[in-house]
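Everything on this sheet refers to the single structure shown next.
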Amino acid sequence: MNQTDLANIPSLTYANLSEALSKQRFPAGTLYVVATPIGNICDISLRALHLLTIADVVACEDTRNTAQLMSRYGLHKPLIAAHQHNEHEVALKIIKRLQAGERVALVSDAGTPAVSDPGAKIVDLVLQAGLAVTPLPGASAAMSALSASGLLHQEFYFIGFLPAKASQRETQLQSLLAVCATMIFYEAPHRILDTTQALLNVFGAQRQIVFARELSKLFEEIHRCRLGEAMAWLQADTHREKGEYVVLLEGAALGADADQVEAERVLTILLAECSVKQAATLAAQITGQKKNALYQLALSLQATSTD
């Protein structure tokens, strides 16, 4: 649809929304990937609601959660459980339904399916079978948090959930040291302190971090600070260890390489306890980099921290 087409569409009102929806195309034999609210029940698109009313079946991460969501909109449809343990099996069933001309909606418990949620394998197998897949865009925790973060990198790198084991988590974080894009993580409340400490250990105190908690819900909270201040903020209120998190981390400075990022991390830690000269000397021993260059970098970091 081009701008001319858009200009010819009359303004939508509650009175003519039904007519506008009736003119939308929802071909049969198609898998519809449907975004659902991440918290606020009103954050669902009109297309999504209409599709859910005409779908033959809804494939969902948890049938109990989806049944409750559908009932809030006055909808009742056959549900198929489609979670991480049965995606291949369910995909084959969905393919048969699509080949029979049914419309199948795919949803997750919240947000956009297949983004750190089940669904990607189902979509892949449906496409391999030569069948149509249509996304119905809507709520996304990652995009919502990014839009309100104020972090200025033009690029972002979606990581999702980090490994639960500390050693595996540190290995992955170390591999991200030189990433210049804003990094986006998901985290559960019971792991938010451990993950934040791990981020501090690897990236140092100066990087900006954004915590987006309970997005779109009653107790939504979005907070930006330096990594060195993050643990104190989290521990200042016990409620902050509740609710699902999106965590955004400022990327490395453009042009920075892994050695420079590592030097900044080591110096940041040392400057909390040592003079600039001592920090540069110890950092040189730790990193193998030249002491004079580290001394100048330490002066720069110290100036930044006192701004």
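Take every pair of alpha-carbon atoms less than 8 Å apart whose residues are at least six positions apart; their mean separation over the length of the chain yields a relative contact order of 15 percent. Look at the alpha carbon pairs under 8 Å that are at least 6 residues apart: their mean separation over the length of the stretch 176-256 gives a relative contact order of 49 percent.
Can you give the FRET efficiency for Gln235 and Phe156, using 1/(1 + (r/R0)^6), R0 = 30 Å, r = Cβ-Cβ distance, to the nearest 0.05? Kindly include the intermediate steps, with their values, before the conclusion.
Values: r = 28 Å, r/R0 = 0.92.
E(calc), rounded to 0.05, equals 0.60.
Placing pseudo-labels 7 Å out from each Cα toward the beta carbon at Ala114 and Arg64 gives an inter-label distance of 2.8 nm. Computed over the stretch 21-117, relative contact order equals 46 percent, with contacts defined as Cα pairs under 8 Å that lie 6+ residues apart. Put the Cα centre of the stretch 155-204 next to the Cα centre of the stretch 249-280 and the gap is 18 Å. Just check the stretch 207-307 against the gyration tensor rule for me: Cα atoms, a ≥ b ≥ c as the square roots of the eigenvalues, rounded for a/c under 1.5, and otherwise prolate or oblate depending on whether a/b exceeds b/c. Note, shape of the stretch 207-307 comes out prolate. In the chain, the DSSP beta bridges split such that about 45 percent are antiparallel, to the nearest 5.
Taking label positions 7 Å along the Cα-Cβ direction at both Ala303 and Thr134, the computed distance is 5.8 nm, reported to one decimal. Residues whose amide H comes within less than 5 Å of that of Ala181, counting only those at least five positions distant or on another chain, are Ala252 (H built at 1.01 Å from N in the peptide plane). The stretch between His88 and Phe26 holds 19.8 nm of extra length on full extension. This uses 0.36 nm per residue minus the Cα-Cα distance.
Compared with the direct C-alpha span, the chain from Ala166 to Asp124 gains 12.0 nm at full extension, assuming 0.36 nm per residue.
The radius of gyration of the Cα set in the chain, together with its Dmax, comes out at 24.0, 74 angstrom. Normalised by 2.2 N^0.38 Å, with N the number of residues, the alpha-carbon radius of gyration of the stretch 58-214 equals 1.24. Which links in Lys93/Lys121; Lys23/Lys77; Lys217/Lys242 stretch past 21 Å when you go from one Cα to the other? Exceeds cut-off: Lys23/Lys77.
Work out, in µm²/s and without decimals, the Stokes-Einstein translational diffusion coefficient of the stretch 10-135 at 25 °C, 0.890 mPa s, Rh from Kirkwood over C-alpha pairs. After rounding, the answer is 166 µm²/s.
Per-residue packing, averaged as other Cβ atoms within 10 Å, sorts the ranges 129-140, 98-109 into the order 98-109, 129-140, beginning with the highest.
For a quick protection proxy, order the peptides 58-67, 213-222, 23-32 by their average other-Cβ count within 10 Å, most packed first. The partial results should precede the final answer.
Values: 58-67: 20.3, 213-222: 16.2, 23-32: 14.5.
So the order, starting with the most tightly packed, is 58-67, 213-222, 23-32.
When you count the other C-beta atoms within 10 angstrom of each residue and take the mean per peptide, 188-199, 152-163 line up highest first as 188-199, 152-163.
Cα centroid separation, the stretch 107-133 to the stretch 44-70: 15 Å.
Straight-line reach from Lys290: taking Cα to Cα under 21 Å and skipping same-chain neighbours fewer than 8 places apart, the lysines in range are Lys277.
Where a number appears in this text, it was derived from the coordinates with a stated rule and is not lab data. All values derive from a computational prediction rather than experimental measurement. Note that we place each Cβ from the backbone using ideal geometry, even for glycine, and neighbour counts take in every protein chain shown.
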